[in-house]
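A quick write-up on the structure given underneath.
The values are calculated or read from the model by the stated rules, or taken from the named source; none is laboratory data. If you're wondering where the values come from, they're calculated on a predicted model, not measured in any experiment. Don't worry about glycine lacking a Cβ; one is built from the backbone with ideal geometry, like all the others, and counts go over all protein chains shown. The area values use the complete protein model at the heavy-atom level, side chains included, leaving out ligands, DNA and RNA. Shrake-Rupley method; radii C 1.70, N 1.55, O 1.52, S 1.80 Å.
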Amino acid sequence: TAELAARTEARTAWPHPDTHADTLRVELARTNQRLGAASMVADHHETAGRRSQQHVDDLTAELAALTANQPDVRAAQAAVAGEQATAARIDDLRAAVTQTRLGRPVLGRDARRDLAAELANLVNTNPGLAVDHHRRQQRWATIADSARTSTQRRIDQLTNHLNQTQTTLAEHVDIANRARTEIHEQQQRHAALTAELHRRQPPTAVLET
């Protein structure tokens, strides 16, 4: 901007011809101090900014992978599919054990005993499936909803963390940029002060041999 240009020009053009040399030396020392301080600030925030940028990249990748893969949802789908297969087997065994024809069991005694044992084992190990169709559907809907909720909660957490990290990154970048601007201005001031002091040095005497 015009204001910034005017301020920079005023700084670099500061050493007036009538300014005492001692004053110039004091100002040169102060300029060196300001230059060193600005360099430290710039280096610190540029380093912190690189770390924040890496964190942003990592969070972005993690969020993208979570959104695309949704491992909790996939695990829930696999669990439900497994339970559905077990529930179907329970239903098949119940039907086979109780099936009759003309009032008599279709299967022989040994076959019924084996299937009844398998049915009892499945019911004992999967009590949540030994219920009617409606209650099974409610169970599976709950499993799916829980997985979606946990996935969305994690997405929200990552998104919030990413937003905070991006804000921190922007702050580091802003401070580092302002420090670099200050360095540039102080370097110009340093050069102007040094040139003015050199200009005022008396010419070197020529020794006669």
Mind checking whether some residue in segment 61-70 is open to solvent by 70 Å² or more (accessible area, probe 1.4 Å), within 30 Å of L169 (Cα to Cα) and without any contact (Cβ under 8 Å) to a residue 60 or more places away in the chain?
yes
Among R153, R178, R113, R189, which is free of Cβ contacts under 8 Å to residues at least 12 places away in the same chain, in a helix (DSSP H, G or I) and under 30 Å from T31 (Cβ atoms)?
R178
Anything in segment 123-145 that is surrounded by 13 or more Cβ atoms within 10 Å (Cβ to Cβ) and either under 21 Å from S52 (Cβ atoms) or polar (S, T, N, Q) (or both)? List them, or say none.
N126
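Residues are listed down the side, and each one gets a yes or a no for (1) modelled with pLDDT under 95; (2) in contact with a Ser or Thr (Cβ under 8 Å, 6 or more places away or on another chain):
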site: T100; (1), (2): yes, no
site: V106; (1), (2): yes, yes
site: H134; (1), (2): no, no
site: T159; (1), (2): no, no
Are any residues in segment 16-54 farther than 30 Å from R199 by Cβ and open to solvent by 70 Å² or more (accessible area, probe 1.4 Å), and if so, which ones?
M40, D43, H44, R50, R51, Q53, Q54
Given the condition closer than 17 Å to R89 by Cα and small (G, A, S), answer yes or no: does some residue in segment 134-143 qualify?
no
Any residue in segment 54-74 that is over 25 Å from E118 (Cα atoms) and not in a helix (DSSP H, G or I)?
yes
Qualifying residue in segment 98-110 (condition: in contact (Cβ under 8 Å) with a residue 12 or more places away in the chain and either of a type in the set (K, R) or surrounded by fewer than 16 Cβ atoms within 10 Å (Cβ to Cβ) (or both)):
no
Tell me yes or no: at least one residue of segment 54-62 is of a type in the set (V, I, T) and at pLDDT below 95.
no
For the list (1) touching a His at 6+ places or on another chain (Cβ under 6 Å); (2) farther than 30 Å from H45 by Cα, I need the number of the one condition that T165 fails.
(2)
